[in-house]
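What follows is a single structure, written as structure tokens, with notes after it.
Every read-out reported here was derived from the displayed coordinates using simple, explicitly stated rules and does not represent laboratory data. This structure is a prediction, so every number in the text was calculated from the model and none was measured. Heads up, the Cβs are rebuilt from the backbone with ideal geometry, glycines too, and the neighbour counts pull from every protein chain shown.
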Amino acid sequence: MESRTIDLAELAQQLRADAVRCSSRAGSGHPTSSMSAADLMAVLLAGHLKYDFSDPELPGNDRLIFSKGHASPLLYAMLRAAGVIDEEELLTYRRLGSVLEGHPTPRLPWIDVATGSLGQGLPIGVGMALAGKRLSAAPYRVWVLCGDSELAEGSMWESFAAAAYEGLGNLTAIVDVNRLGQNGPTRYGWDTAAYASQIGSFGWNTIEIDGHDPEAIERAYRQAEQATDRPTAILARTKKGKGVAAVENREGMHGKPLPNLEEALAELGQGANIRVRVAEPEYREPRMERPGRSIHLPRFDIGSTAATREAFGRALVAVGDASPDVVVLDGEVADSTRTAYFAEAHPERFFQCYIAEQQMIANAIGMQALGWVPYAATFAAFLTRAHDFLRMAAIGGADLRLAGSHAGVSIGRDGPSQMGLEDLAMMRPLWRSVVMYPCDANQAAHLTATMVDLPGISYLRTTRGETPVIYRPDELFPVGGSRTLVSSGSDKVTIVAAGVTVSEALSASEQLADIGIPARVIDAYSIKPIDVSTLRQAAAETGRVLTVEDHWPVGGLGDAVLDAIGGHLPSIRFTKLGVRGMPASASPTEQLAAAGIDADAIVNAARRLAA
């Protein structure tokens with residue numbers, strides 16, 4: 001039966017039945033959350049979504065995001081109705097080896113991003129719609145299915161504000177207001193007027209409907225498609241578990257298979273086997289090829305001083321000159337992170353996200369899913385707000401490039417609220433992440449350019465103050481490498497540093513040499529992956545390792561070095577220097593001394609270690 005003639009209510013019942021069947025076979029899942037939105041998705045699939053399933057990367061395809069990712073049984077039922085998976089595969093839901101996971105991920109080619117942590121799908125949809133409005137000629141629409149429970153998340157309201165401000169008429173949020181969350185009623189229940197008032201106050205077009213009335217849903221979608229100057233939120237009153245009396249609108253049924261499968265299917269009716277011929281987009285142009293050019297990085301003279309954030313900003317312009325796919329996102333600190341240079345050079349590819357770090361990362365996730373190459377920058381301390389977005393981005397295999405400036409106590413008088421002291425520990429555990437901490441401007445520029453081709457999430461830690469330039473402009477710094485700056489056959493201790501502590505370590509090595517303690521100095525600019533072979537060799541040859549970092553002593557450089565040598569060289573003596581007390585306002589020099597990570601502290605620690 002084709003979509004031109006199908007009964008939409010019957011299609012919705014089929015979607016419900018399939019959601020019930022696959023979750024019952026799995027013995028887990030969220031069928032009741034899927035059943036409430038079945039009518040909404042039936043009308044979308046049969047009449048409004050424009051998508052070529054044979055070419056998921058076609059730029060003209062609409063994008064569909066399940067922000068309420070736990071309703072994945074409904075999404076997979078839609079794929080079966082569209083004919084791209086069969087019943088046998090549908091029933092592998094949540095089983096080992098199946099790509100039909102409990103919450104959607106891009107292991108399926110028709111899924112752009114991973115969802116499941118509530119409050120993220122709509123922000124990512126904003127990023128996709130923003131790319132469609134400002135970067136692409138393709139007239140696609142972004143549809144996001146949201147749950148009413150996730151409207152309590154602050155990230156949702158960041159996205160409501162951002163979408164309205166940007167005038168994203170190509171974005172539609174479909175809110176499944178089914179009244180029941182995981183543990184009782186939601187904040188406003190079925191009061192869609194309360195939601196409409198709040199969302200409408202941001203500048204959205206809001207439409208309140210009965211979410212089980214196909215005609216009302218049809219009208220709402222048409223209105224959304226016609227509102228080209230602003231985003232639309234469709235607030236649909238629905239019943240959780242719709243269609244099966246044993247669970248419909250009943251508390252305590254969230255996240256559980258239905259109690260009696262056969263009775264449920266008899267009530268829903270499972271005779272239909274509707275196949276929907278989803279409309280393909282009229283815009284059929286392939287993704288535009290944007291050939292790159294050779295890159296000309298900024299050059300800094302050995303012996304001068306420069307801040308690594310300055311090198312990052314200037315290198316970013318060079319990367320943007322060479323790579324027209326590169327976009328840059330800022331959290332209203334462009335003058336500090338130095339992304340302002342890119343904004344001046346390439347304003348059409350610069351996105352001001354304001355003080356909304358979750359939305360900034362969500363924009364980047366959405367853009368990279370469509371083929372763009374995003375760099376996102378803010379203070380290292382403020383990236384902590386967006387860590388859950390980064391965690392989900394890693395789950396979804398997103399490629400992101402992040403820069404955290406103003407890291408560590410070395411920023412000086414601003415005090416601890418501005419000091420990124422947790423960022424290395426936050427970034428290292430992320431799946432496929434790369435973590436780099438340059439010590440000088442030429443190194444920072446090279447690593448900034450390296451990031452453009454790195455898969456996964458890469459993080460560059462930059463600093464506020466100027467540091468000595470010790471490397472030539474044409475030197476290479478491969479990911480996973482390090483630089484041994486001072487070395488001899490008689491070294492008694494290895495000092496491993498990164499970033500601002502490299503110059504302190506070099507100064508300390510001179511003082512140690514004067515008192516008969518030759519010290520090897522390693523610049524571990526690549527903290528993840530770390531240069532295991534060099535570290536193990538140095539540890540074996542000197543017998544003593546001292547790490548020093550402008551970071552809490554947990555989860556940063558010291559732990560990375562311990563991971564590399566621990567258990568392999570059991571007789572090694574090891575000392576870790578890091579920021580152990582809560583800093584306060586002081587000058588950068590005073591901060592390093594107070595934290596016990598300056599040259600004098602390194603000398604004292606090395607003397608004790610060598611005794």
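Got a sec? How would T238, T32 order by Cβ neighbour count within 10 Å, fewest to most?
Fewest-to-most ranking of T238, T32: T238, T32.
Projecting each Cα onto the charge dipole of the stretch 1-138 (Lys/Arg +1, Asp/Glu -1 at the beta carbon, about the Cα centre), which of P56, A26, G69 comes out farthest on the positive side?
Highest projection toward the positive end goes to G69.
What is the dipole size for the chain, taken about its Cα centre, with +1 at each Lys and Arg Cβ and -1 at each Asp and Glu Cβ, in debye to the nearest 20?
940 debye
Which values, in whole Å and largest first, are the semi-axes of the equivalent ellipsoid of the stretch 1-160 obtained as the square root of 5 times each eigenvalue of the Cα gyration tensor?
Taking √(5λ) for each eigenvalue gives 24, 19, 15 Å, largest first.
For Y525, Y188, what's the fewest-to-most ordering of other Cβ within 10 Å of each Cβ?
Y188, Y525
If I compute volume of the Cα convex hull per residue in Å³ from the structure I just sent, which labelled value in (1) 155; (2) 214; (3) 189 lines up?
(1)
Calculate how steeply helix 121-134 sits against the longest principal axis of the alpha-carbon atoms of the chain, using the helix alpha-carbon long axis, and give the answer as 0 to 90 degrees to the nearest 10.
80 degrees
Restricting to Cα pairs below 8 Å that are 6+ residues apart, what does the relative contact order work out to for the chain? Please round to a whole percent.
About 13 percent, as a whole number.
Which value, in debye to the nearest 20, gives the size of the charge dipole of the stretch 305-468 about its Cα centre, when Lys and Arg are +1 and Asp and Glu are -1 at the Cβ?
340 debye
Could you state the angle between the C-alpha long axis of helix 214-226 and the longest principal axis of the C-alpha atoms of the chain, as a value from 0 to 90 degrees rounded to the nearest 10?
Relative to the chain, helix 214-226 is tipped by roughly 50 degrees.
So for the stretch 8-268, considering every pair of alpha-carbon atoms, how many percent are separated by more than 34 Å?
Percent of Cα pairs beyond 34 Å in the stretch 8-268: 10.
Rounded to whole Å, give me the distance from the Cα center of the stretch 360-418 to that of the stretch 222-268.
The stretch 360-418 and the stretch 222-268 have Cα centres separated by 35 Å.
To the nearest 20 debye, what is the magnitude of the charge dipole of the stretch 483-610 about its Cα centre, counting +1 on the Cβ of each Lys and Arg and -1 on the Cβ of each Asp and Glu?
420 debye
Residue by residue through the stretch 475-491, which ³J(HN,Hα) values in whole Hz follow from phi under the Karplus form 6.51 cos²θ - 1.76 cosθ + 1.60 (θ = phi - 60°), with glycine and proline marked x?
Working through the residues one at a time gives 6, 9, 9, x, 4, x, x, 7, 10, 8, 8, 9, 7, 8, x, 10, 4 Hz.
By its C-alpha gyration tensor, with a ≥ b ≥ c as the square roots of the eigenvalues, how is the stretch 305-468 shaped: rounded for a/c under 1.5, else prolate for a/b larger than b/c, else oblate?
Here the stretch 305-468 falls in the rounded category.
With just the Cα atoms of the stretch 142-218, tell me how far they stretch along each of the three principal axes, in Å, largest first.
Between the extreme Cα coordinates on each principal axis of the stretch 142-218 lie 35, 32, 20 Å.
Filter the chymotrypsin sites (Phe, Trp or Tyr not before Pro) in the stretch 369-478 to those in DSSP coil with at most 10 other Cβ atoms within 10 Å of their Cβ, and list the result.
none
If you wrap a convex hull around the C-alpha atoms of the stretch 483-610 and split its volume per residue, what is the figure in Å³?
Per residue, the Cα convex hull of the stretch 483-610 comes to 94 Å³.
Find which of S587, C146, L506 sits farthest along the positive direction of the dipole of the chain, computed with +1 on the beta-carbon of Lys and Arg, -1 on that of Asp and Glu, about the Cα centre.
So the residue furthest toward the plus end is L506.
Please check the chain for the longest run free of GluC sites (Glu not before Pro) that are loop-located per DSSP (anything but H, G, I, E, B) and have at most 10 other Cβ atoms within 10 Å.
290-611
Taking only Cα atoms, what is the 0 to 90° angle, nearest 10, from helix 532-542's long axis to the longest principal axis of the chain?
Approximately 30 degrees, to the nearest 10.
Give me M253, M288, M582 sorted ascending by neighbouring Cβ count inside 10 Å, so fewest comes first.
Least to most surrounded, the residues fall as M582, M288, M253.
If the viscosity is 0.692 mPa s and the temperature 37 °C, what Stokes-Einstein diffusion coefficient in µm²/s follows for the stretch 232-361 when Rh is the Kirkwood radius over Cα pairs?
Translational diffusion coefficient: 157 µm²/s.
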